[in-house]
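What follows is one structure encoded as structure tokens, with my remarks underneath.
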Amino acid sequence: MKKRTKTIIAVIAGAAILIGGIWMINESRYPKVPAFDDHFTREFLNKDKKVDDGFYEFKSKTGQYTMWFPEEYQLLHENEQQYVKEGKLYERYKAVSNSNELEYMTVEFSNKIKKNESIYVERLFQEQFNINKPHKVETKNVSIYYDKAYSYFKGTHRQVIRGKEGYTPNTYVAYIADKHSNSVIKFYFDNVKEKLTEKQGEEQDKRIMKILKSVKFNEVKNNAE
């Protein structure tokens with residue numbers, strides 16, 4: 001009986017070592033960055049596609065778009081409101097910087113009627129910055145509307161300051177529209193840590209623009225109207 005017990009224990013121990021070894025081998029295949037440390041976040045990322053310094057390719061679960069994702073960020077997924085997906089037509093996620101929890105971005109994918117694009121854009125930037133004409137960048141496949149500001153709360157009221165010297169932007173908003181379909185992405189970025197220096201602001205600008213210009217919509221059958 002004792003001999004049998006020892007055999008069972010040895011088998012269990014051997015199995016545990018084998019499983020542990022396989023797990024360690026699998027884990028070693030992932031890049032050693034915060035984005036891949038989180039098992040939920042890594043489901044969206046291509047570990048073999050580091051697209052630029054500090055970025056990996058993010059592939060939407062809708063199958064409708066890809067974009068660059070900062071390697072120090074992780075998706076929030078503690079509840080059903082932090083990551084939302086409805087079939088292939090809607091997805092929203094919020095991601096936070098692992099190195100600075102006061103820096104985060106929100107990405108919302110949906111379908112909007114193409115002919116009403118100017119209305120959607122004006123409404124978004126009126127709500128966010130009280131402006132009608134944001135900056136615009138055109139590429140072969142997308143139109144990128146974006147703007148930035150320094151924002152803060154005074155009591156319960158949000159204050160927005162645009163283009164004023166001494167106020168480095170900490171808030172970005174963008175509307176990215178596919179030219180070949182109704183697919184759009186609303187992008188929000190907030191950095192609510194202490195005021196940034198001018199140099200830090202310039203570096204932040206470069207990173208945000210890289211993300212915005214990286215969005216690629218896949219070919220879909222929903223015809224633009």
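The values are calculated or read from the model by the stated rules, or taken from the named source; none is laboratory data. Note that the coordinates shown come from a computational prediction; the quantities given were computed from them, not determined experimentally. In this analysis, Cβ positions are derived from the backbone assuming ideal geometry, glycine residues included, and neighbour counts consider all displayed protein chains. Surface accessibility is based on the protein's heavy atoms, side chains included, excluding ligands, DNA and RNA. Shrake-Rupley method; radii C 1.70, N 1.55, O 1.52, S 1.80 Å.
Listing for the model above:
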read-out: Number of positions in segment 29-79 that are small (Gly, Ala, Ser) and either in a strand (DSSP E or B) or over 22 Å from LEU89 (Cβ atoms) (or both); value: 2
read-out: Answer residue from segment 110-125, given it is in contact with an Asp or Glu (Cβ under 9 Å, 6 or more places away or on another chain) and within 18 Å of HIS180 (Cβ to Cβ) and is surrounded by the most Cβ atoms within 10 Å (Cβ to Cβ) among those; value: LYS114
read-out: Test: residue in segment 161-169 that is open to solvent by less than 60 Å² (accessible area, probe 1.4 Å) and over 25 Å from SER118 (Cα atoms); value: yes
read-out: LYS94 being in a strand (DSSP E or B) and open to solvent by 20 Å² or more (accessible area, probe 1.4 Å); value: yes
read-out: Of the criteria (1) closer than 24 Å to VAL192 by Cα; (2) touching a residue at least 24 places away in the same chain (Cβ under 8 Å); (3) among the charged types (D, E, K, R), which one LYS115 fails; value: (1)
read-out: Entirely in segment 116-225, the strands (runs of 3 or more DSSP E) that have 2 or more residues that are under 23 Å from THR62 (Cβ atoms); value: 142-154, 171-178, 183-191
read-out: Some residue of segment 67-82 being among the aromatic types (Phe, Trp, Tyr) and either open to solvent by 80 Å² or more (accessible area, probe 1.4 Å) or farther than 20 Å from GLU203 by Cα (or both); value: no
